[in-house]
1. With under 25 Å from residue 106 (Cα atoms), within 14 Å of the ligand (Cβ to nearest atom), without any contact (Cβ under 8 Å) to a residue 24 or more places away in the chain and not assigned by TED's automatic domain parsing to the domain that holds residue 283 as the only criterion, which of 77, 33 stands out?
2. If I filter region 60-72 down to residues being under 17 Å from the mean Cα position of the chain (by Cα) and surrounded by fewer than 20 Cβ atoms within 10 Å (Cβ to Cβ), which single residue comes out as nearest to residue 16 (Cα to Cα)?
3. So residue 197 fits all but one of (1) within 16 Å of the ligand (Cβ to nearest atom); (2) over 23 Å from residue 272 (Cα atoms); (3) not assigned by TED's automatic domain parsing to the domain that holds residue 128; what number is the exception?
4. Only one of 156, 144 is in the same structural domain as residue 94 (by TED's automatic domain parsing) and touching a helix residue (DSSP H, G or I) at 6+ places or on another chain (Cβ under 9 Å); which?
5. Within region 288-295, is even one residue in a loop (DSSP other than H, G, I, E, B), over 30 Å from residue 17 (Cβ atoms) and at pLDDT 95 or above?
6. Can you find even one residue in region 245-254 that is more than 12 Å from the ligand (Cβ to nearest atom), over 19 Å from residue 12 (Cβ atoms) and buried (at least 19 other Cβ atoms within 10 Å of the Cβ)?
7. Across region 114-126, which residue is farthest from residue 53 (Cα to Cα) among those that are surrounded by fewer than 21 Cβ atoms within 10 Å (Cβ to Cβ) and in contact with a helix residue (DSSP H, G or I) (Cβ under 6 Å, 6 or more places away or on another chain)?
Ligand code: NAD
């Protein structure tokens, strides 16, 4: 049955995710600070509104898909935000990848005002968002998690309950640590294969059915002309910005410090992202890490 959906954050992920809820027959009211993001969502059938209050009015469910913890906290907690304007029976779902402390703050604030809230970050990249095949990892009270799964379904290939509040974020942070290490490994293997005279397609065909395989290899191959979904085909226009990749790996590093866990490789990959950011590439796709391996990055 048709639901009323409020959606805040219509960027690389939120835009195509909201579009899949429209395709499923729901009425989606979307808000974003970026006119470009709003225009793209409107073209996909999202009803553009000018404030959070308008997006959440009368909604059965509200999704947020924002860059960082500070943005989620602002959008939920500020006087013009979700908690101030939503009705208490609206289910609240934050699909942004944020730090565990911010997620806990949102769970606490929502619970204090008797809202049902889940943390539900996603994996699968922009191509998975477009295809409606994302993996959602959902943390919170059992009944809220079960209700969230129904609304999430048109956007998802997998919906996996992770346990209590903030466990979705915990799963996501560990997953992305592995993703970005795999991405760096893929970049090193790809450049070395090229220098050893291997054809790029032949090497990819081998690695993708061999022990060097990974999601990063199959979805984000950093050499152009091999994998259709890769930003390398498109001058590294972002599907996942270096800025947000650096955010995620820093979330893992912070969590590792809290738990006394050595992340030697993760810390090294963070330094690679820091170098890209210093070179002015924060807004480009994180697979641009390959340019630190092949030496082609200028500046
Ligand atoms: P993005 O930067 O493309 O989109 C974020 C959107 O939020 C932007 O359009 C921005 O204008 C909007 N925004 C920021 N503050 C706002 C506010 N106060 N009110 C309304 N809108 C606001 O980022 P993205 O790639 O879509 O990522 C969103 C989240 O999903 C991040 O936490 C990211 O780490 C995570 N994620 C990204 C990917 C990916 O492949 N890009 C995959 C999985 C998870």
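The values are calculated or read from the model by the stated rules, or taken from the named source; none is laboratory data. Just so you know, these numbers come straight off a predicted model, no measurement behind them. No Cβ is skipped: glycine too gets one built from the backbone with ideal geometry, and neighbour counts run over all protein chains shown.
1. Working: 77 fails: without any contact (Cβ under 8 Å) to a residue 24 or more places away in the chain.
Every option except 33 fails the conditions.
2. If we take residues in region 60-72 being under 17 Å from the mean Cα position of the chain (by Cα) and surrounded by fewer than 20 Cβ atoms within 10 Å (Cβ to Cβ), then 67 is nearest to residue 16 (Cα to Cα).
3. Answer for residue 197: the failing condition is (1).
4. Values: 144 fails: touching a helix residue (DSSP H, G or I) at 6+ places or on another chain (Cβ under 9 Å).
That would be 156, the only listed residue that is in the same structural domain as residue 94 (by TED's automatic domain parsing) and touching a helix residue (DSSP H, G or I) at 6+ places or on another chain (Cβ under 9 Å).
5. Keep residues of region 288-295 that are in a loop (DSSP other than H, G, I, E, B), which gives 295.
Among the residues that remain, those that are also over 30 Å from residue 17 (Cβ atoms) are: 295.
From what is left, the residues that are at pLDDT 95 or above are 295.
Checking region 288-295: at least one residue is in a loop (DSSP other than H, G, I, E, B), over 30 Å from residue 17 (Cβ atoms) and at pLDDT 95 or above.
6. Narrowing region 245-254 to residues more than 12 Å from the ligand (Cβ to nearest atom): 252-254.
Cutting the leftovers down to over 19 Å from residue 12 (Cβ atoms) gives us 252-254.
Those still in the list that are buried (at least 19 other Cβ atoms within 10 Å of the Cβ) too: 252.
Yes, because at least one residue in region 245-254 is more than 12 Å from the ligand (Cβ to nearest atom), over 19 Å from residue 12 (Cβ atoms) and buried (at least 19 other Cβ atoms within 10 Å of the Cβ).
7. In this case the residue turns out to be 123.
Per-residue answers, yes or no, for (1) exposed (fewer than 14 other Cβ atoms within 10 Å of the Cβ); (2) under 25 Å from residue 134 (Cβ atoms):
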site: 217; (1), (2): no, yes
site: 223; (1), (2): no, no
site: 258; (1), (2): yes, no
site: 285; (1), (2): no, yes
